[in-house]
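K.L.:
Here it is, the structure in full.
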Amino acid sequence: MEQNDIFISYSRTDEQSVKKIVTFLKREGFKVWIDKTGIETGEQFKNVIVDAICNCKIFIFVSSKASNVSEWTEKEIGVAVSFRKKIIPIKLDKSSYNKSLLPHP
């Protein structure tokens, strides 16, 4: 799998805002991976996500009310933590982080 500079974890509810972030990053020359690349569901989907996280340099978590309660973003962050990826949060609103998304001591 090709290495990307940035993996973006987000809730589909925030897709319009995330598109703006992706457009900006790409315009600045970054290679961005986002889950809109026609991947299938199920095990293949999980494997593609894990591979994309493993092969990124930076993991961006787009934080919002929706993403803070998303099972998928929680899992993606867990994978990023496991592989010691640099995680950068971008807050779309003032919602608090779900406790399960916070780093453990």
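The values are calculated or read from the model by the stated rules, or taken from the named source; none is laboratory data. Predicted model, so just to flag it, every value in this text is computed and none were measured. Ideal geometry is used to build each Cβ from the backbone, glycine not excepted, and the neighbour counts take in all protein chains shown. To get the accessible areas, we keep the full protein, side chains included, count just its heavy atoms, and leave off ligands, DNA and RNA. Shrake-Rupley method; radii C 1.70, N 1.55, O 1.52, S 1.80 Å.
K.L.:
I'd like the full set of residues that are at pLDDT below 95 and on the phi > 0 side of the Ramachandran plot, limited to the range 27-44.
P.N.:
Gly38, Gly42
K.L.:
So, one more: Please enumerate the residues belonging to the range 62-77 that are open to solvent by 10 Å² or more (accessible area, probe 1.4 Å) and within 11 Å of the chain's Cα centre (by Cα).
P.N.:
Within the range 62-77, Trp72, Glu74, Lys75, Glu76, Ile77 meet the criteria.
Results for (1) of a type in the set (Val, Ile, Thr); (2) part of a helix (DSSP H, G or I); (3) at pLDDT 95 or above, shown as yes or no for each residue.
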| position | (1), (2), (3) |
| --- | --- |
| Glu2 | no, no, no |
| Lys20 | no, yes, yes |
| Leu25 | no, yes, yes |
| Lys46 | no, yes, no |
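K.L.:
Across the range 1-26, which residue is nearest to the chain's Cα centre (by Cα) among those that are in contact (Cβ under 8 Å) with a residue 40 or more places away in the chain and more than 19 Å from Thr73 (Cα to Cα)?
P.N.:
Within the range 1-26, the match that is nearest to the chain's Cα centre (by Cα) is Gln3.
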